[in-house]
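Have a look at the structure below before the remarks.
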């Protein structure tokens with residue numbers, strides 16, 4: 001493993017503090033005390049000064065404000081849980097390294113009056129999925145929180161539609177981001193690209209200059225591991241592929257369990 005990977009992997013320990021062996025994703029950076037004026041859904045609020053805040057690192061089910069019957073499952077529960085966590089009290093906000101999304105909303109981590117990281121708590125409760133936008137400093141810790149909820153089938157993880165599709169069941173490409181599960185059966189590297197093969201059917205990887213920055217061993221040592229891979233499935237020259245650009249796209253399930261066993265959810 002390269003030095004850069006060791007440093008990045010150590011970041012998991014630095015960003016996930018085990019306080020009394022409890023998972024605690026602590027935002028780093030200048031904190032600002034803010035007051036919510038309006039609650040839109042499970043991951044978006046407007047502050048008293050008019051700024052619209054998007055909780056970074058997470059994605060909650062969508063609310064359809066015009067036709068509530070079209071709400072995604074657990075959308076209302078996510079909104080209600082967020083309202084409960086804020087509890088009409090000031091919260092502490094730390095803006096992420098990427099300060100805004102493409103809609104102009106401020107991307108931030110928020111901590112409530114009880115010291116709970118709200119982003120993390122929504123993941124732990126099963127009301128949100130991990131969604132990494134840019135260089136999110138806490139994505140590794142949030143990934144662990146999501147895994148705990150997924151493993152314990154909390155909230156939206158109880159639904160069949162949120163379970164990864166087995167690689168063996170792939171029959172057509174997908175235009176949307178989704179998850180697939182399988183076992184690494186082979187690793188292949190050439191001058192320009194590195195690919196892991198899952199269940200002798202799905203190739204996962206990309207350009208070497210990108211793969212070398214990931215927290216995933218780019219060698220045959222991972223053969224036999226069970227993975228969950230997130231991305232857009234496409235077909236190229238008769239092969240199914242998912243291009244990986246960020247470490248959060250690959251969950252090495254045994255590795256995740258080893259980390260999670262060291263902490264307990266708050």
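When only residues in the range 222-244 that are assigned to a loop (DSSP other than H, G, I, E, B) and more than 23 Å from the chain's Cα centre (by Cα) count, which is farthest from residue 183 (Cα to Cα)?
Once the filter is applied, the top-ranked residue is 237.
Of the residues in the range 16-40, how many are at pLDDT below 50 and either closer than 27 Å to residue 210 by Cβ or part of a strand (DSSP E or B) (or both)?
Of the residues in that region, 2 qualify.
Give the residue, chosen from 177, 203, that is in the same structural domain as residue 223 (by TED's automatic domain parsing) and over 14 Å from residue 241 (Cβ atoms).
Details: 203 fails: over 14 Å from residue 241 (Cβ atoms).
So the residue among 177, 203 that is in the same structural domain as residue 223 (by TED's automatic domain parsing) and over 14 Å from residue 241 (Cβ atoms) is 177.
Among the listed residues 91, 132, identify the single one that is outside the structural domain of residue 215 (by TED's automatic domain parsing) and touching a helix residue (DSSP H, G or I) at 6+ places or on another chain (Cβ under 6 Å).
Selected residue: 132, the only one of 91, 132 that is outside the structural domain of residue 215 (by TED's automatic domain parsing) and touching a helix residue (DSSP H, G or I) at 6+ places or on another chain (Cβ under 6 Å).
Just checking, does the range 86-99 include any residue being in a helix (DSSP H, G or I) and more than 21 Å from the chain's Cα centre (by Cα)? So that I can check it myself, show each step before the final result.
Pass one, the range 86-99, residues in a helix (DSSP H, G or I): 86.
Of the ones still in play, those that are also more than 21 Å from the chain's Cα centre (by Cα) are 86.
Yes, that holds for at least one residue.
Listed residues 224, 231, 182, 205; which is more than 21 Å from residue 135 (Cα to Cα) and touching a strand residue (DSSP E or B) at 6+ places or on another chain (Cβ under 6 Å)? Steps first, answer last, please.
Working: 224 fails: touching a strand residue (DSSP E or B) at 6+ places or on another chain (Cβ under 6 Å); 231 fails: more than 21 Å from residue 135 (Cα to Cα); 205 fails: more than 21 Å from residue 135 (Cα to Cα).
Answer to the check: 182.
Among the residues of the range 41-64, write down those that are part of a loop (DSSP other than H, G, I, E, B) and free of Cβ contacts under 8 Å to residues at least 24 places away in the same chain. Step through it out loud before you land on a result.
Step one: list which residues in the range 41-64 are part of a loop (DSSP other than H, G, I, E, B), which gives 41-43, 48-51, 56, 60-64.
Matches in the range 41-64: 48, 49, 50, 62, 63, 64.
Inside the range 120-221, counting only strands (runs of 3 or more DSSP E) that do not spill past its ends, which hold 1 or more residues that are modelled with pLDDT under 95 and farther than 30 Å from residue 80 by Cα? Steps first, answer last, please.
On the way: elements: 129-131, 178-189, 193-198, 202-207.
Strands (runs of 3 or more DSSP E) meeting the threshold: none at all.
Out of the range 60-85, which residues are surrounded by fewer than 18 Cβ atoms within 10 Å (Cβ to Cβ) and closer than 13 Å to residue 118 by Cα?
Listed by number, the residues that qualify are 80, 83, 84.
If you scan the range 245-266, which residues turn out to be touching a helix residue (DSSP H, G or I) at 6+ places or on another chain (Cβ under 9 Å) and part of a strand (DSSP E or B)? Can you show your working first?
Taking the range 245-266 first, the residues touching a helix residue (DSSP H, G or I) at 6+ places or on another chain (Cβ under 9 Å) are 245-248, 251-253, 256-257, 259-260, 263-266.
Correct list: 251, 252, 264.
Could you identify the single residue in 168, 194 that is touching a strand residue (DSSP E or B) at 6+ places or on another chain (Cβ under 9 Å), outside the structural domain of residue 124 (by TED's automatic domain parsing) and surrounded by 15 or more Cβ atoms within 10 Å (Cβ to Cβ)?
Values: 168 fails: surrounded by 15 or more Cβ atoms within 10 Å (Cβ to Cβ).
After applying the criteria, what remains is 194.
For the range 198-211, what are the residues that are under 15 Å from residue 169 (Cα atoms) and under 23 Å from the mean Cα position of the chain (by Cα)? Outline the logic, then answer.
Restricting attention to the range 198-211, the residues satisfying the condition of being under 15 Å from residue 169 (Cα atoms) are 198-203.
Of everything in the range 198-211, those that are under 15 Å from residue 169 (Cα atoms) and under 23 Å from the mean Cα position of the chain (by Cα) turn out to be 198, 202, 203.
The values are calculated or read from the model by the stated rules, or taken from the named source; none is laboratory data. This one's a predicted model, so the numbers in the text were calculated from it and none came from an experiment. Don't worry about glycine lacking a Cβ; one is built from the backbone with ideal geometry, like all the others, and counts go over all protein chains shown.
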